[in-house]
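Asker: The structure under discussion is supplied below as structure tokens; questions concerning it will follow.
The values are calculated or read from the model by the stated rules, or taken from the named source; none is laboratory data. None of these values were measured; they are calculated from a predicted model. Glycine gets a Cβ as well: all are built from the backbone with ideal geometry, and neighbour counts include every protein chain shown. The accessibility values were calculated without ligands, DNA or RNA, using every heavy atom of the protein model including side chains. Shrake-Rupley method; radii C 1.70, N 1.55, O 1.52, S 1.80 Å.
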Amino acid sequence: MAFSKSDRRKIYDRTTGYCHICKKKLSFENYGLLGLKGAWEVEHSNPKSIGGTNRLNNLYAACISCNRSKNNNSTRSARARYGRTRAPLSKEKRKEEKKGNSFLGGVIGGIIGSVAGPVGIGLGAAIGAKLGYDKNPDDD
Ligand SMILES: [Zn+2]
């Protein structure tokens, strides 16, 4: 299966250019170029051999070694080798998630603040902001 450049772009952007298994940064231009820095391939999350499709939602960018060592293993077990459970997020998803986390941080801060009284509000907000921040260790 050969993927067009626009297909590859979509697939690459799904994970902001990170291998979806080990999260190594990939080089868009080095597609399929084994041995070059950031070389990558399109990986079928659900292997074609067991019925996986060529639809975008089944395709991820993976570095060549991850793709080839995965064989017919599940994405879940391949990621687990790197202590990961999910794919790196796309830019859009990161933004959404960040919004969600700072909202949550604000809510937690507000609760702590209202329980602790006026003095606690600042502290609570600071703790909340920190929680929101720390929940996103993947963010660059
Ligand atoms: Zn990898």
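Asker: For segment 5-88, would you read off the P(r) tail past 16 Å as a percentage of all alpha carbon pairs?
Answerer: 45 percent
Asker: While we're looking at this one, here's another question. Students often get this wrong, so check it: of Lys5/Lys91; Lys25/Lys99; Lys24/Lys70, which have C-alpha atoms separated by over 21 Å?
Answerer: With Cα atoms farther than 21 Å apart: Lys25/Lys99.
Asker: Pop a pseudo-label 7 angstrom from the Cα along the beta-carbon direction at both Ser90 and Arg68 and give the gap in nm to one decimal.
Answerer: Taking the simple label geometry, Ser90 and Arg68 are separated by 3.0 nm.
Asker: Rounded to the nearest whole Å², what accessible area per residue is found for segment 1-73 with the 1.4 Å probe?
Answerer: Heavy-atom accessible area per residue stands at 53 Å².
Asker: Okay, next question. How charged is the neighbourhood of Lys24? Take every other residue with its Cβ under 12 Å from the Cβ of Lys24, and add Lys/Arg as +1 and Asp/Glu as -1.
Answerer: Surrounding charge for Lys24 is +4.
Asker: Then there is this: Could you look at segment 27-78 and say what percent of its accessible area is carbon and sulfur, using a 1.4 Å probe and all protein chains?
Answerer: 50 percent
Asker: Next question, about the same structure. What is the sum of charges around Ser6, taking Lys and Arg as +1, Asp and Glu as -1, for the other residues whose C-beta is under 14 Å from the C-beta of Ser6?
Answerer: Once all neighbours under 14 Å are counted, the net charge is +3.
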